[in-house]
Amino acid sequence: MTAISSAPFSPEEIAAEGLKLEEYEEIVRRLGRHPNKAELGMFGVMWSEHCCYKNSRPLLKQFPTTGPRILVGPGENAGVVDLGDGLRLAFKIESHNHPSAIEPFQGAATGVGGILRDIFTMGARPIAVLNSLRFGSLEDAKTQRLFSGVVAGIAHYGNCVGVPTVGGEVYFDPAYSGNPLVNVMALGLMETPDIVKSGASGMGNPVLYVGSTTGRDGMGGASFASAELSDESVDDRPAVQVGDPFLEKSLIEACLEAFKTGAVVAAQDMGAAGITCSTSEMAAKGGVGIEFDLDKIPVREAGMVPYEYLLSESQERMLFVAHKGREQELIDIFQRWGLHAVVAGTVITEPIVRILFQGEVAAEIPATALAENTPLYHRKLLAEPPEYVRKAWEWTPDSLPESTVSGIEIQGRLHSWNDILLTLLNTPTIASKRWVYRQYDHQVQNNTVMLPGGADASVIRLRPQQEEDKERVLSNQGGVAATVDCNPRYVYLDPYEGAKAVVAEAARNLSCVGAEPLAVTDNLNFGSPEKPVGYWQLSEACRGLAEGCQELATPVTGGNVSLYNETLDSQGNPQPIYPTPVVGMVGLIPDLTKICGQAWQAETDVIYLLGELSSDATLGGSEYLATIHNTIAGKPPRVNFELERRVQQLCREGIRQGWVHSAHDCAEGGIAVALAECCIAGNLGAEIQLELPVNNSQRWDEVLFGEGGARIVVSVASEQQETWETLLKEQLGNYWQKLGKVEKSETSLRVLTTDNQTLIRVSIEEMSDRYLNAIERRLTIHNATTNS
């Protein structure tokens, strides 16, 4: 007789917990008996992809995770890096995709709250938040509702809790219509002398539940996050948590005060899987057990049963292990901040999680069975790229209409390069995100040096958090830079090369503000790994990320995996998102007086391109190809890491020497869009000269709008031109080009050929109108239509 045939649960009940039938049989084998309802729920959430990474863990092992500045790598609540001068930075990225698709405001808000808890659980004070967002077409009414709700949720929680939202990225593509992505990254400076870890220890030590009350909200959120979205997913609204940012602010202060007493042995946020996850992970990491009494837990709803206690994901809750005899000291701190704090359990020798309820054992499971010795799936990799990729790679620019100095003819109409540039600037993915960041308080705490929209990365002033450091004058006023990046179209067309490009672009963005890239946290957003194409995308992207981080010396300190990002249509057919491995990267700025943004600074400054203008640029996977020609095809840009290192190093050196006045990465839309963005940001014009390669094999649209790595547009003071060009020749050889100069009297962007034929001439006013108002204009039109 099989375990299934004698099970007290039907196959449907087992599947409802997110478990496969063979996984249920493994549970029975490990327990030596059938689980009860509460235990089944505990296995369901802890064996979900969201908690145990059963499909991705083998792939994550290839990531580089060590380095001279790495203090804490993967496995804890957040990574920690050494910034020097006694300063240590904790940082992490997490996703809240599925909850945000169902209830965008609370889904996004609690995503912010969750990542902040990961930071201050380590003993660090949160100093900044960034976000990486993906939505469907902004012309769609549903997308507009999701987009507005997510932004409002992020703004609400971040603004109320008092942590600045300093930067991020937003992409719009039909691939995300049913499954938006909400990835949130947080940074914090260590405020406690010791980094707080999560492994329980000390037999007989008390286990404290602290923070808010427990209710039925967020039930089974981890399992919900590990399944495809469908038309019925709206019924899972209870799986979306509800947050209270004001309570979280009190929790931050109470936790940091408690950690400073030295009475806390270990701490763990109650995030996904709530009490189940925190008890089992703390026990497993410490090689001990925890006995936990649910009757001691403060609740907000009556009549709750063990299954509900254990799977609740009510927000703003933590679990502490305290030194025996010092528990009242901690309880007093939390009560003074208006928070609950109760002794609800004990550290025990036997390595199990034992849950008590109404005087009886409600659940008893080996801790490692829940938190470490979980299922692991080694899936077979496709022997060759899937059909959609092979077909996409067959595309060449030869299939496009002929392009000339005047423009390109599409469907019988000549589109000038002016028209093309303005269309791209009006594309929501490229356009200014000011409608978004104006809702965020990005200057609270008064440490935001570079405001959103002003540069390729966010810059935050470093102020010591530990009391003994506050009296000490740092050797110089330094800062930290942060960015989140991913071009998902590149990854869709070539996961390996696309993922390498993600790492390269993140490092390039940091270099553009003068920061030395240090380390990475990643958020892997993919479809189902159970499908051959989905697993191939995930595997190849991980290989690319690993290589990119190795090449650029940016170890991975942790992150998040979010799979099953698929929408089941009415016929039950899964529609996956583009593979989206988001990289959050942090960098160190030695001197905050030596940074720069993307705006032109002064008339007569000389404009240069670091890197190659044409030979590395491609239209494959470009915004131009997608927007103007409605084509997603071609091979995306290939990464040249040797050139990347040289270009980025030279950019940083130029900024630190004070020669480089502005720096901007050439990304979506190519060099034409990069130049336009510099003009708009500085409200200064520019006159540029571009040339086709000698062999004339390249097209003008490739030169203007082709995309490629290792390319940065910089402006340099004219009096430094000779010194700068000497350095360019020494460091880059022929991999640079003088483009033109900044002009105050010329209130437009003029792009000419070397024989002075005009390619582009567009006023700053016209470019600004398209670029700054693209998103708001679409939302206004929708609201006007809805209200009419």
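Kindly provide the set of residues from the range 101-121 that are out of contact with any Lys or Arg (no Cβ under 8 Å at 6 or more places or on another chain), of a type in the set (A, V, I, L, M, F, W, C) and open to solvent by less than 10 Å² (accessible area, probe 1.4 Å), ordered by number.
Residues satisfying the conditions are 108, 109, 112, 116, 120.
For the range 626-641, the tally of residues that are free of Cβ contacts under 8 Å to residues at least 40 places away in the same chain and under 26 Å from the mean Cα position of the chain (by Cα) stands at 0.
Look at the range 328-348: where a residue is more than 16 Å from residue 300 (Cβ to Cβ) and a partner is in a helix (DSSP H, G or I) and of a type in the set (Ser, Thr, Tyr), sitting 6+ places away or on another chain with Cβ atoms under 8 Å, you get 337/250; 345/279. The residue that is most open to solvent (accessible area, probe 1.4 Å), counting only those in the range 552-593 that are within 19 Å of residue 87 (Cβ to Cβ) and over 24 Å from the mean Cα position of the chain (by Cα), is 593. Scan (1) open to solvent by less than 10 Å² (accessible area, probe 1.4 Å); (2) farther than 18 Å from residue 93 by Cα; (3) in contact with a strand residue (DSSP E or B) (Cβ under 7 Å, 6 or more places away or on another chain); (4) not in a helix (DSSP H, G or I) for the single condition residue 192 breaks and write down its number. Exception for residue 192: condition (3).
Quick check on my filter: what residues within the range 196-240 are modelled with pLDDT of 80 or more and open to solvent by 40 Å² or more (accessible area, probe 1.4 Å)? Full working, then the answer.
Initial filter on the range 196-240 (modelled with pLDDT of 80 or more): 196-217.
197, 201, 203, 216, listed by residue number.
Name the residues in the range 657-686 that are of a type in the set (Gly, Ala, Ser) and not in a helix (DSSP H, G or I), would you?
Of everything in the range 657-686, those that are of a type in the set (Gly, Ala, Ser) and not in a helix (DSSP H, G or I) turn out to be 658, 662, 663, 667, 669, 685, 686.
For the range 122-143, the tally of residues that are among the hydrophobic types (A, V, I, L, M, F, W, C) and open to solvent by 10 Å² or more (accessible area, probe 1.4 Å) stands at 1.
Annotation: residue 600 fulfils all but one of (1) in a loop (DSSP other than H, G, I, E, B); (2) of a type in the set (Phe, Trp, Tyr); (3) touching a Lys or Arg at 6+ places or on another chain (Cβ under 7 Å); the unmet one is (3).
Candidates are the residues of the range 698-739 that are of a type in the set (Asp, Glu), out of contact with any Gly (no Cβ under 7 Å at 6 or more places or on another chain) and open to solvent by less than 50 Å² (accessible area, probe 1.4 Å); the one that is nearest to residue 594 (Cα to Cα) is 725. Quick check on the range 469-492. Is at least one of its residues assigned to a helix (DSSP H, G or I) and aliphatic (A, V, I, L, M)? Yes, the conditions are met somewhere in the range 469-492. The set of residues from the range 542-578 being in contact with a helix residue (DSSP H, G or I) (Cβ under 7 Å, 6 or more places away or on another chain), more than 24 Å from residue 99 (Cβ to Cβ) and not basic (Lys, Arg) comprises 542, 544, 545, 547, 548, 549, 551, 552, 554, 555, 556. Among the numbered conditions (1) surrounded by fewer than 23 Cβ atoms within 10 Å (Cβ to Cβ); (2) at pLDDT below 95, the only one that residue 617 does not meet is (1). Scanning the range 495-539 for residues that are open to solvent by less than 10 Å² (accessible area, probe 1.4 Å) and of a type in the set (Val, Ile, Thr) gives 502, 503, 513, 520, 521.
Of all the strands (runs of 3 or more DSSP E) wholly in the range 300-409, which have at least 3 residues that are more than 34 Å from the chain's Cα centre (by Cα)? Let's see the steps before the verdict.
Details: elements: 317-322, 340-348, 352-357, 360-366.
It comes to 340-348, 352-357, 360-366.
Can you give me the ranges of the helices (runs of 4 or more DSSP H) entirely in the range 1-100 with at least 3 residues that are free of Cβ contacts under 8 Å to residues at least 12 places away in the same chain and surrounded by 15 or more Cβ atoms within 10 Å (Cβ to Cβ)? Reasoning before the result, please.
Details: elements: 11-16, 21-31, 37-46, 49-52, 57-60.
By residue number, no helices (runs of 4 or more DSSP H) qualify.
When you go through 370, 356, 376 one by one, which is the residue that is surrounded by 14 or more Cβ atoms within 10 Å (Cβ to Cβ) and within 23 Å of residue 20 (Cα to Cα)?
Working: 356 fails: within 23 Å of residue 20 (Cα to Cα); 376 fails: surrounded by 14 or more Cβ atoms within 10 Å (Cβ to Cβ).
So the residue among 370, 356, 376 that is surrounded by 14 or more Cβ atoms within 10 Å (Cβ to Cβ) and within 23 Å of residue 20 (Cα to Cα) is 370.
Is it the case, given these coordinates, that residue 155 is part of a strand (DSSP E or B), within 30 Å of residue 253 (Cβ to Cβ) and of a type outside the set (D, E, K, R)?
Details: part of a strand (DSSP E or B): no; within 30 Å of residue 253 (Cβ to Cβ): yes; of a type outside the set (D, E, K, R): yes.
For residue 155, the condition - part of a strand (DSSP E or B), within 30 Å of residue 253 (Cβ to Cβ) and of a type outside the set (D, E, K, R) - is not met.
The values are calculated or read from the model by the stated rules, or taken from the named source; none is laboratory data. This one's a predicted model, so the numbers in the text were calculated from it and none came from an experiment. Counting neighbours? That spans all protein chains shown, and the Cβs are built from the backbone with ideal geometry, glycine included. Side chains are part of the model used for accessible areas, which takes the heavy atoms of the whole protein and leaves out ligands, DNA and RNA. Shrake-Rupley method; radii C 1.70, N 1.55, O 1.52, S 1.80 Å.
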